[in-house]
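The values are calculated or read from the model by the stated rules, or taken from the named source; none is laboratory data. What you see is a predicted model; the values in this text were computed from it and never measured. When we count neighbours, we look across all protein chains shown, and the Cβ atoms used for this are built from the backbone with ideal geometry, even at glycine. Each accessible area value is taken on the protein alone, full model and side chains, heavy atoms only, with ligands, DNA and RNA left out. Shrake-Rupley method; radii C 1.70, N 1.55, O 1.52, S 1.80 Å.
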Amino acid sequence: MMQGHRHDLDGTCLMRAIPLTVTALAAALLLTACGGGGKSSSKTGSACEIGGVSVQIGSASVAPKAGDTGEIPVSITNQSKACTLDHFAGVVLSAGSAEAKVPALKGAKAQKLKLAKGDSASFTISYVRGNAGDKAALTPKTVKITLPGTTASRSFPWSYGPVATQTASTGPNASVTAFQQVGD
């Protein structure tokens, strides 16, 4: 690296720290190139939105009686520009005026998935069937699905029976798994 020299009034040689200046400048340029944490202008950085992706509920493994567990697969296929799924899907069970948010599966870790046009992902809604007519059970009429980072939702009829509540009546005894890439 190049160093410049300068002499003080008494003739003492003083060295300038050009390498330090160059290093600081290079670091500043690198931070600027990273975008500084602001919104990404990358086309693959935008959240997947309902309308740009299709959302479908697949064949469910319905819980046949109270206390049994049922599973409902939900698939998402990107039909638009590349997008990202970054967190869990929002799932709300609606029974008229009563709504209950379905939490993420305990211990599950969301993964960031990038979907190119034509790519698919899926997640599962698991639930414990409640007793019909039980005041503690929720009898949903619809399930509303929202993709992470967006507000648009899509509702589907709920035909899987009543859903039990958690022990402390803190919500439905149900959960949502993380998104999984489908296919290659």
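So what does Lys112 come to for accessible area, using a 1.4 Å probe and Å² rounded to 10?
130 Å²
Place the peptides 154-161, 118-125, 57-64 in order of packing, highest mean first, counting for every residue the other Cβ atoms within 10 Å and averaging per peptide.
On the way: 154-161: 15.9, 118-125: 18.9, 57-64: 14.0.
Highest-to-lowest ranking by the protection proxy: 118-125, 154-161, 57-64.
Between Ala132 and Ala95, what is the label-point separation in nm under the 7 Å Cα-to-beta-carbon projection?
1.4 nm
Ranked by accessible surface with a 1.4 Å probe, highest first, in what order do Lys135, Lys117 come?
Numbers: Lys135 200, Lys117 150 Å².
Most to least solvent-accessible, the answer reads Lys135, Lys117.
Sorted by accessible area with a 1.4 angstrom probe, largest first, how do Val128, Val102 fall?
Values: Val128 30, Val102 5 Å².
Accessible-area ranking of Val128, Val102, largest first: Val128, Val102.
What FRET efficiency comes out for the pair Thr170/Lys65, r = Cβ-Cβ distance, R0 = 22 Å, nearest 0.05? The partial results should precede the final answer.
Details: r = 23 Å, r/R0 = 1.06.
The pair Thr170/Lys65 has a calculated efficiency of 0.40.
Just to confirm, what accessible area per residue do you get for the stretch 70-150 at 1.4 Å probe, in whole Å²?
Values: 4060 Å² over 81 residues.
Here the per-residue accessible area is 50 Å².
Using amide H atoms built in the peptide plane, which far-off residues or other-chain residues are under 5 Å from Thr165 H to H?
Leu138, Asn173
Solvent-accessible area of Asp134, probe 1.4 Å, all protein chains present, reported in Å² to the nearest ten, please.
So the heavy atoms of Asp134 present about 70 Å² to solvent.
Say each of Ser153 and Ser122 gets a label point 7 Å from the Cα, pointing the same way as Cα to Cβ; how far apart are those two points in nm?
Taking the simple label geometry, Ser153 and Ser122 are separated by 2.4 nm.
So how do Ile50, Ile145 rank on accessible area, 1.4 Å probe, biggest first, that is with the largest at the start? Please list the in-between numbers first.
Numbers: Ile50 40, Ile145 0 Å².
Order by accessible area, largest first: Ile50, Ile145.
Over all alpha-carbon pairs of the stretch 56-141, lay out the pair-distance distribution in 5 Å bins, whole %, shortest bin first.
3, 12, 17, 22, 18, 13, 8, 5, 2, 0
What is the Cα coordinate range of the stretch 91-144 on the first, second and third principal axes, sorted by size from largest, in whole angstrom?
So the three principal-axis extents are 45, 25, 15 Å.
Pop out the carbon and sulfur fraction of the accessible area of the stretch 131-172 as a percent, whole number, probe 1.4 Å.
51 percent
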